[in-house]
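Written below as structure tokens is the structure these notes are about.
Only the coordinates and a few stated rules stand behind these numbers; no lab work does. Because the structure is a prediction, the values reported are computed rather than measured. Counting neighbours? That spans all protein chains shown, and the Cβs are built from the backbone with ideal geometry, glycine included.
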């Protein structure tokens, strides 16, 4: 029988290391807290980063395993330098619009890191259990290794697919059989986990663990594959909390408090954040994962015979210049076209003509909650001009013109009046309640939810076709010529 | 049953930390405005990069070539997560700060 008491190997170094971990944990917590308030957010990020730096530095300096200090330090430093250089440049160079993809990639890297650690620790553990003559792998450390490997692997593969979908390199697969396949994979994963736990430890017998790795990767792919591109932010947030749990498994394995607190904090706050995001879209997490979105939309196809009104640039220019109050509703199309600066230019120009210009921001406009706020802030649009959805809707009746730039699903009236629509019940910006609506759009193509938008056929609406950037340029020139 | 009780006793400190951190994580971000969802997700993403400590420990005790290679890779991946995560978050939040100072 094992002794329950753990030997405390006391050295001053270990004491210092543990203190640094407590400090790092505090910095993570304070950082997260500050990150959730607009005024302190940037500062909070730095606090958390400081905590991380501290934990890394003190681990390299003072960590000891069975009395052995950290070796291979030149290699570790080399890897740190390479990772820092690549990570820094990638994060600095990426366009603001591609931010969500970047977060997804970095999340995947963390998952892969956790999986690799488990993959390397398993043979060692098996060897030591075999030497100790244990009858099975049933052990707390095995549990941590297997969970770290599975969750990390799923998170890595899933994040890569999410990246591909956001970057529009991977299309959506809509097949209900995938759901059953997923359940089958999940069941297989559980069976494999149990098999490994109860197998007899034989040194060097690692076939099952490789099989588990492969299965975790396959499940990660098949888990994200059927989920629609519009739901990727929720998926990334979910995978983010997965990676947190994978990191915590590492903390459990090494009895490392910084990894444990950091991982679990992200795991739990990430889960809450995922649920909050779902709430912003008025959907449940289960609904996102199983995927009712963008399903069979053949029923909405009957709008074909309705007429679409087009507006010329000069008419649009006149309408805008002689309005009192204008609301701009930006969407992903604006972001893709990098037109946020032109949008601001139009805003300034109209204000100089005595028009009141505000922005109506839907919580999930763009590709992620808050994404649009970041993009407009980049273009120097003042904070107080950005109205949240509810404020915008309250002022809608007094608004002369709503300009929808590259947005679609977030202004779809079907969410209010068509119970058969997949987005029925989602809160939207009620553009149709304003006196006029101008929709700037490249074509009549459907939005990310892949459903028809009745706003385009609404009597108050006129379309201004073209790429957001060039249309805005022409519109600005036109208004200047008036 | 005895195994479960022993498991609990052996890892009671870790289990204690896990349970408390679970509640703390939920409490800490419960009042976040939706504007900050993306930066917060990105910041949390950087924090789980703490898994790099595990990578450093593995690498620090690697003796054969295979472990060295895998460990090296793990440290690079972990660093990407940490550095990339914090820098991306900072860039997002930089935008927020800029408009504040203009007011």
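Taking the Cβ of each residue in A:88, A:432 as the centre, tally the other Cβ atoms inside 10 Å and list the residues starting with the fewest.
A:88, A:432
Taking every DSSP beta bridge that has both residues in the protein assembly as shown, what percent is antiparallel when rounded to the nearest 5?
Roughly 10 percent of the DSSP beta bridges within the protein assembly as shown come out antiparallel.
Please give the residues of the range A:373-408, grouped as numeric ranges, whose backbone N is less than 13 Å from a label point set 7 Å along the Cα-to-Cβ vector of residue A:356.
So the set is A:385, A:392, A:394-401.
Under the definition of Cα pairs under 8 Å and six or more residues apart, what whole-number percent is the relative contact order of the range A:71-211?
So the answer I get is 35 percent.
So what's the back-of-envelope 222 nm ellipticity for the protein assembly as shown, counting only DSSP H runs of four-plus at -39500 (n - 2.57) apiece and dividing by all residues, rounded to 500?
After summing the helix terms and dividing by the residues of the protein assembly as shown, the value is -20000 deg cm²/dmol.
Provide a whole-number value for the mean count of partner chain Cβ atoms within 10 Å of the Cβ atoms in peptide B:67-74.
Per residue, the average neighbour count from other chains is 5.
What is the extension gain from residue A:65 to residue A:416, computed as 0.36 nm multiplied by their sequence separation minus the C-alpha to C-alpha distance, in nm to one decimal?
That works out to 120.2 nm of additional length.
Expressed as a rounded percentage, what relative contact order does the range A:305-442 have, with Cα pairs under 8 Å and six or more residues apart?
28
Which angle from 0 to 90°, rounded to the nearest 10, does the C-alpha axis of helix A:177-198 make with the longest principal axis of chain A?
20
Shielding of A:19-32 by partners, i.e. mean partner chain Cβ atoms within 10 Å per residue?
Mean partner shielding for this stretch: 3.
Any idea what angle helix A:257-280 forms with the longest principal axis of chain A, computed on alpha-carbon atoms, 0 to 90 degrees, nearest 10?
The angle comes out near 30 degrees.
Once you put a point 7 Å from the Cα of residue B:31 and another 7 Å from the Cα of residue A:465, both along the Cβ direction, what distance in nm separates them?
It is 5.1 nm.
Report the full-extension gain for the segment residue A:82 to residue A:482: residue separation times 0.36 nm, less the Cα-Cα distance, to one decimal in nm.
Contour length minus Cα-Cα distance gives 138.4 nm.
Once you place label points 7 Å from the Cα toward the Cβ at residue A:19 and residue A:194, how far apart are they in nm?
4.9
What percent do you get for the relative contact order of the range B:32-102 when only Cα pairs under 8 Å and 6+ apart count?
43
With labels modelled as points extended 7 Å from the Cα through the Cβ direction, what inter-label distance (nm, one decimal) is found for residue A:92 paired with residue A:11?
3.8
Rank the residues A:222, A:420 as a footprinting-exposure proxy: fewest other Cβ atoms within 10 Å of their Cβ go first.
Ordered by Cβ neighbours within 10 Å, fewest first: A:420, A:222.
Just checking the output field for A:123-129: average partner chain Cβ neighbours within 10 Å of each residue's Cβ?
1
How far is helix A:41-62 tilted off the main Cα axis of chain A, in degrees rounded to 10, range 0 to 90?
Between the helix axis and the principal axis of chain A, the angle is about 20 degrees.
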